[in-house]
Amino acid sequence: MQDSFRHKGLRKQLVESIQKKGIVDTRVLNALEVVPRHLFMDSSFLEFAYQDKPFPIGSGQTISQPYTVAFQSMLLDVKKGQKVMEIGTGSGYQACVLAVMGARVYSIERQRRLFMKTKAFLETLSWKVNLFLGDGNIGLPKFAPFDRILITAAAPTIPETLINQLKPGGIMVIPYGEGSEQVMLKMIKQADGNMVDEKHGIFRFVPLLCDLGND
Ligand code: SAH
């Protein structure tokens, strides 16, 4: 599959619509314009790739809505060269957006089948993203500490283990809540280790599960 002029045109329109919805961070908008979202989806659903909607990617999971990817990336405020841990690799789309923004990405997925599929696919792209199969609640102690942590599934609790893997001055973005809706939290770690939270509206994510999935 190729990235044609048509795809690029549709992508530009999508980015413009996301900008109109209030995303002003040009690094985020640029990354969305660069990453060919249609390649992360099943080829038979091409016409959906550049609508601002979430979409199923198999194994009962979804690729997040482009606006949500943009919003989380904006809150994360990644600087070039920073180490970012993502929980919930899914299709790998968000991970590539962060890579284009200059992050060194470490992303964890719990579903083996999805992990294998995404790993094989990302090897065909030019962005380097480090992928791990595992339970994101545990994080990656071997690679900690991180400048940024992004959770792309609904967290019923705030995992303390992950906060411990965040640098002082670091930011964690997490959709927090148990029901069908979550509040988007931007948590900033202070020099003394305390967290200061900001609330940024309501979103809907698939749940962050607690074990290693064999599904
Ligand atoms: N960021 C993804 C979308 C994420 S959907 C993208 O850009 O496409 C949420 C993902 O989190 C799913 O793939 C789900 O399998 C994964 N997930 C759920 N619980 C998890 C856990 N405990 N550890 C790691 N991944 C988890």
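Would you please list the contacts, defined by Cβ atoms under 7 Å and residues six or more apart or on different chains, that run from a residue in region 193-215 that is closer than 19 Å to ILE57 by Cα and at pLDDT below 85 to a residue that is more than 7 Å from the ligand (Cβ to nearest atom) and basic (Lys, Arg)?
GLY213/ARG112; ASN214/ARG112
Would you mind stating whether VAL97 is modelled with pLDDT of 95 or more, within 14 Å of the ligand (Cβ to nearest atom) and more than 20 Å from TYR67 (Cα to Cα)? Spell out how you get there, then give the answer.
Working: modelled with pLDDT of 95 or more: yes; within 14 Å of the ligand (Cβ to nearest atom): yes; more than 20 Å from TYR67 (Cα to Cα): no.
No: the conditions fail for VAL97.
Are any residues in region 79-94 in a loop (DSSP other than H, G, I, E, B) and more than 9 Å from the ligand (Cβ to nearest atom), and if so, which ones? Don't jump to the end; show me each part of the working.
Pass one, region 79-94, residues in a loop (DSSP other than H, G, I, E, B): 79-82, 88-92.
Passing the criteria: LYS79, LYS80, GLY81, GLN82.
Give me the residue from region 54-78 that is within 13 Å of the ligand (Cβ to nearest atom) and in a loop (DSSP other than H, G, I, E, B) and, out of that set, nearest to LYS12 (Cα to Cα).
So, considering only residues that are within 13 Å of the ligand (Cβ to nearest atom) and in a loop (DSSP other than H, G, I, E, B), the one nearest to LYS12 (Cα to Cα) is GLN65.
If LYS20 passes every condition in (1) within 20 Å of ILE202 (Cα to Cα); (2) charged (D, E, K, R); (3) in contact (Cβ under 8 Å) with a residue 12 or more places away in the chain but one, which one does it miss?
The single condition LYS20 does not satisfy is (3).
Under 8 Å between Cβ atoms, at least 6 apart or on separate chains: pull out the pairs that start in region 126-147 with a residue that is more than 27 Å from VAL35 (Cα to Cα) and end on any residue that is surrounded by fewer than 19 Cβ atoms within 10 Å (Cβ to Cβ) and at pLDDT below 95.
Hits for this filter: ASN137/CYS210.
Filter region 1-56 down to residues that are farther than 19 Å from TRP127 by Cα and aliphatic (A, V, I, L, M) and give me whichever is surrounded by the most Cβ atoms within 10 Å (Cβ to Cβ).
ALA49
The values are calculated or read from the model by the stated rules, or taken from the named source; none is laboratory data. In this text the structure is predicted, and so the values were computed from the model without any measurement. In this analysis, Cβ positions are derived from the backbone assuming ideal geometry, glycine residues included, and neighbour counts consider all displayed protein chains.
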